[in-house]
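Take a look at the structure below.
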Amino acid sequence: MRVEHQIRAFEQVFNSYDGTQPLHRFLFTYFKQHKQMGSSDRRWATRYIYSFFRLGKALFKEDLIARLAIADFLCNQTVSLVIEAKLPQLKEQVSLSVQEKIALIAEQYPLFKLSDVFIFNENLSKDIEKQDFYESFFIQPDLFLRVKPSYVAQLVQTLKEAEIVVEEVSDTTLALPNGIKLEKILPSQKYYQVQDLSSQKTGNFFQPKKWDYWWDCCAASGGKSLLLHNLEPTVQLLVSDVRENSLNNLEERFGEAGIKKYQKKVLDLLQNNDQDLHHYEFDGIILDAPCSGSGTWGRTPEMLYYFDSHKISYFSKLQTSIAGNVVKYLKTGKPLIYITCSVFKQENEDVVTWIEENLPVQLEKMELISGYKDKADTMFIARFIKK
Ligand SMILES: C[S@@+](CC[C@H](N)C(=O)[O-])C[C@H]1O[C@@H](n2cnc3c(N)ncnc32)[C@H](O)[C@@H]1O
């Protein structure tokens, strides 16, 4: 009976969700509207729906609940009622590694193809190691903190006292399991920022100089600006975004981090902004471009199921247009940092080629930051120098 109850709850969630909003937001509203679901019901429905989407389009023609059982088996280290009911022959193997479990599923379901987990294969950036990348979808990424070095020990102790498993990835980075209510354990963000490991690594490309004037032109809530400030606190900053809301969040985060001196503008970079910017000349521009976000789908696996590949060329056009509109405000000899959290060639290498061919800059270096190996996001970064 209980397994049928869980399956019914899963089916109702699955049938009510159409992929138009992020799954976590949908679930928040859904559970509010279905008050009869107790905390255990909510927990199981959440585990099942997330596991289900992590399977992407693999075994698409199989029965829905058989796919749920397979997905739940691949994504979790503990047995569920659905695994017991639908895959009883594998329930003893649930704590094996993802690779071993994939091999077992492939043995029992000859039509299983790992590449169907991520069906947008032909579009991948060239440095993605496909096998590792596909396998990464069955493991939930970690939550990463960027911490001021002198506060690492203190933070680690507080987290351990709260019985959180914490890994010191570097002398400024901590990794925690996802789903922790961090604001309850570490309420002040004065000494740390939540920032993905790969996003932290983009800082290696910035190389700011003392008293430089930089523009973070797609700043959103300021992740890259905070990183830049951390690397070189004397840098003067202009932050802009088309969304005023995001800049309000930025203001709050900057306040908490103690950054007071910066300029902020709401700018649509698809428009001509000369009226606002004609006298500006920057020593560095960070273009953390709007993109498909495909390097972050380990956190939003519903996208494996609902993403429409036509959007890739839409983003690619947006990226080249924005690049074309910002480069003129860069001083000669100074860097343009182009960043995406995408795994698609059209948003990464192809945009780099377009920029090199059409704008007065020269590529210095580029890199795919393969977060899929580190339970982190996958990102792409290129550093150009203005000619
Ligand atoms: C990847 S996010 C930036 C993330 C941010 N840099 C960080 O580290 O947290 C891309 C941003 O580009 C902004 N954007 C999209 N279209 C834009 C446009 N036409 N002009 C300016 N900003 C735009 C979005 O609002 C979004 O905040």
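No value in this document is a laboratory result; all are computed from the given coordinates. Since this is a predicted model, take the numbers as computed values, not measurements. Glycine also receives a Cβ, built like all others from the backbone with ideal geometry; neighbour counts cover every protein chain displayed.
Tabulated data for the structure shown
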| read-out | value |
| --- | --- |
| The stretch 161-262 - Rg and Dmax from Cα coordinates, angstrom | 14.5, 43 |
| Of all DSSP beta bridges in the stretch 197-386, antiparallel share, percent nearest 5 | 45 |
| From phi via Karplus (6.51, -1.76, 1.60), per-residue ³J(HN,Hα) for the stretch 55-69 in Hz, x at Gly/Pro | 7, x, 10, 5, 6, 4, 8, 5, 4, 3, 7, 5, 5, 4, 4 |
| Residue pairs, from the table Lys148/Lys328; Lys57/Lys373; Lys86/Lys130; Lys210/Lys387; Lys311/Lys386, whose Cα atoms sit over 32 Å apart | Lys148/Lys328 |
| Cα-based shape type of the stretch 51-197, given that a ≥ b ≥ c are square roots of the gyration tensor eigenvalues and the cut on a/c is 1.5 | prolate |
| Amide H partners (placed H, <5 Å) of Leu330, local residues excluded | Phe282 |
| Amide H contacts of Thr173 (H built 1.01 Å from N, under 5 Å, at least 5 apart or other chain) | Val147 |
| Stretchable slack from Ala106 to Glu256, in nm (0.36 nm times residue separation minus alpha-carbon distance) | 49.0 nm |
| Dipole moment magnitude, nearest 20 debye, the stretch 47-195 about Cα centre, only Lys, Arg, Asp, Glu C-beta charged | 460 |
| Hydrodynamic radius of the stretch 244-387 per Kirkwood, over alpha carbon pairs, in Å | 16.6 |
| The stretch 143-194 - Rg and Dmax from Cα coordinates, angstrom | 9.6, 26 |
| The stretch 101-185, Cα convex hull volume normalised per residue, Å³ | 149 |
| Inter-label distance for Thr78 and Ser16, nm, one decimal - labels placed 7 Å from Cα along Cα-to-Cβ | 2.4 |
| log₁₀ of I(q)/I(0) at q = 0.07, 0.08, 0.11, 0.12 Å⁻¹ - the chain, Debye sum with one point per alpha carbon | -0.36, -0.47, -0.87, -1.01 |
| Principal axis dimensions, the stretch 22-133 - Cα atoms, whole angstrom, descending | 46, 35, 25 |
| Whole-Å distance, taken between Cα centres, linking the stretch 8-44 and the stretch 258-325 | 31 |
